[in-house]
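The values are calculated or read from the model by the stated rules, or taken from the named source; none is laboratory data. Just so you know, these numbers come straight off a predicted model, no measurement behind them. As a convention, Cβ positions derive from the backbone with ideal geometry for all residues, glycine included, and neighbour counts pool all protein chains shown. Side chains included, ligands, DNA and RNA excluded: accessible areas come from the protein's heavy atoms. Shrake-Rupley method; radii C 1.70, N 1.55, O 1.52, S 1.80 Å.
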Amino acid sequence: MSAPAITTGTELPPGPREHLTSDSTRRILRLQNSFLRHARDFLREAGFMELLPPIIGPVTDPGIRGAKQVDVDFYGHRYKLMTSAFVYKQTALLAHDRIFYVAPNVRMEPLETCSTQRHLAEFHQLDIEMAHTSREEVMDLAEGIIVSATRALIAESQDDLVALGRDVDALRAMVAAPFERLPHADAVTRLIDGGHAQSAAAEIDWEGERILSDGSARPVFLTDYPKGSRVFLEREDSERPRILRTFDLLMPEGYGEVISGGERESDYRRLITRMRETGENPSKYGWYLDEVKKGIPPSAGFGLGIQRFTRYLVGADYVWQATAFPKLPGIVSP
Ligand code: AMP
Ligand code: MG
């Protein structure tokens with residue numbers, strides 16, 4: 001393996017003792033713990049049940065922008081570590097119609113992402129799925145979780161935020177107004193008008209996300225991604241062909257994407273078509289497609305990157321600061 005392309009000025013995590021005993025790590029982990037507590041309370045009050053997340057399976061999320069999956073040997077069968085548990089959370093709605101996981105994900109991100117400040121090879125998602133609902137309802141849910149948890153943290157944990165150098169007024173501004181909602185096509189126009197080359201057919205690139213979220217005091221939901229830019233699970237709008245019922249959430253101040261989500265395809269035939277269109281072989285998805293064929297509830301949901309959101313919340317330079325045992329792409333670590 002060649003050496004990772006570490007940009008000059010990129011700070012790498014220190015050893016575990018130095019990292020875990022530093023004043024800033026301790027404060028960040030404390031804030032992350034409080035965020036999770038508030039998010040769980042919010043979800044339970046809204047009727048959600050927390051399930052324990054699957055970690056390995058015959059298939060996992062293929063839509064991971066250049067990252068590789070990790071194989072594990074399962075009694076002679078090639079299984080994968082979860083890059084995201086989406087096939088499980090959609091199917092888990094057979095047990096209860098509002099569920100969530102705090103789920104570990106492993107993605108062998110490209111070596112150059114070591115210096116993006118926002119990529120880990122191992123991270124966690126607050127992974128939420130809700131039956132019989134719309135994208136708009138789950139966007140409201142995401143906004144509700146973020147606003148209520150952030151308000152509570154501003155009230156309870158100002159000392160930690162201030163000690164970390166967080167601009168608490170920026171957090172107050174974030175929770176003060178409804179989040180912006182911007183269709184992908186308008187985001188592309190905004191970027192191109194501002195001199196940034198952005199393909200209209202692809203997800204907004206990292207620099208584009210940074211520009212959009214830098215120029216905004218409040219979070220932005222990017223909606224309506226074009227077909228082809230996302231994984232097969234994302235449902236196509238029945239009234240607007242080639243537009244997906246998706247969203248991402250970008251946090252302000254340049255922090256960029258912390259959530260991806262949307263409405264899911266749950267119709268067997270359309271799902272097979274979407275798989276073929278996105279270059280996936282349906283025969284790999286045996287158990288999942290069997291269940292879809294028998295019927296699973298239509299749903300919408302999202303995954304919030306916990307370390308990414310924590311980085312925003314505490315104003316950290318690097319996403320690895322928001323995890324106790326950071327694993328950066330290509331870096332040998334505990
Ligand atoms: P995705 O399904 O790729 O959109 O991932 C869902 C969420 O997980 C993203 O919005 C991020 O918040 C988070 N995430 C994805 N990849 C990484 C990574 N390599 N390191 C840290 N967080 C990530
Ligand atoms: Mg995403």
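May I ask you to give the percent of accessible area on the chain that is carbon plus sulfur, with a probe radius of 1.4 Å?
Of the solvent-accessible surface of the chain, carbon and sulfur hold 52 percent.
Taking the convex hull of the alpha carbon atoms in the stretch 145-221, what volume per residue do you get, in Å³?
105
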Potential lengthening between GLU180 and ALA163 on full extension [0.36 nm per residue; Cα-Cα distance subtracted]: 3.2 nm
Sequence gap at least 6, Cα distance under 8 Å: using those rules, report the relative contact order of the chain to the nearest whole percent. 22
Order of exposure, largest accessible area first, which applies to GLU122, GLU257, GLU129 with probe 1.4 Å: GLU122, GLU257, GLU129
Excluding residues fewer than 8 positions from LYS80 in its own chain, the aspartates and glutamates with Cα under 16 Å of it are ASP61, ASP71, GLU109, GLU122, GLU280
Which order do you get for GLU207, GLU236 if you rank them by accessible area with a 1.4 Å probe, largest at the top? GLU207, GLU236
Taking springs between alpha-carbon atoms closer than 10 angstrom, which of LYS227, LYS80, LYS294 fluctuates most in the Gaussian network model of the chain? LYS294
Euclidean distance of C-alpha centroids, the stretch 224-291 and the stretch 91-114, integer Å: 15
Return the Cα extents of the stretch 123-170 along principal axes one, two and three, sorted largest first, each rounded to a whole Å. 43, 24, 16
Take the Cα atoms of the chain, find their three principal axes, and give me the spread along each one in whole Å, biggest first. 54, 47, 44
Test of understanding: what is the full-extension gain from LYS294 to SER199, defined as 0.36 nm times their sequence separation minus their Cα-Cα distance? 30.4 nm
Can you find, among HIS38, LEU164, PHE100, the residue farthest towards the positive end of the dipole of the stretch 16-322? Put +1 on the C-beta of Lys and Arg, -1 on that of Asp and Glu. PHE100
With every protein chain present, what is the per residue accessible area of the chain (1.4 Å probe, Å²)? 44
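Of all alpha-carbon pairs in the stretch 199-332, indicate the percentage at a distance above 25 angstrom.
Roughly 39 percent, once rounded to a whole number.
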Probe 1.4 Å - accessible area at LEU271, Å² to nearest ten: 0
Rounded to the nearest 0.05, what FRET efficiency do VAL72 and ALA170 give with R0 = 45 Å and r taken as the Cβ-Cβ distance? Could you check? 0.60
Gain upon complete extension [MET49, ASN281; 0.36 nm per residue less C-alpha separation]: 80.3 nm
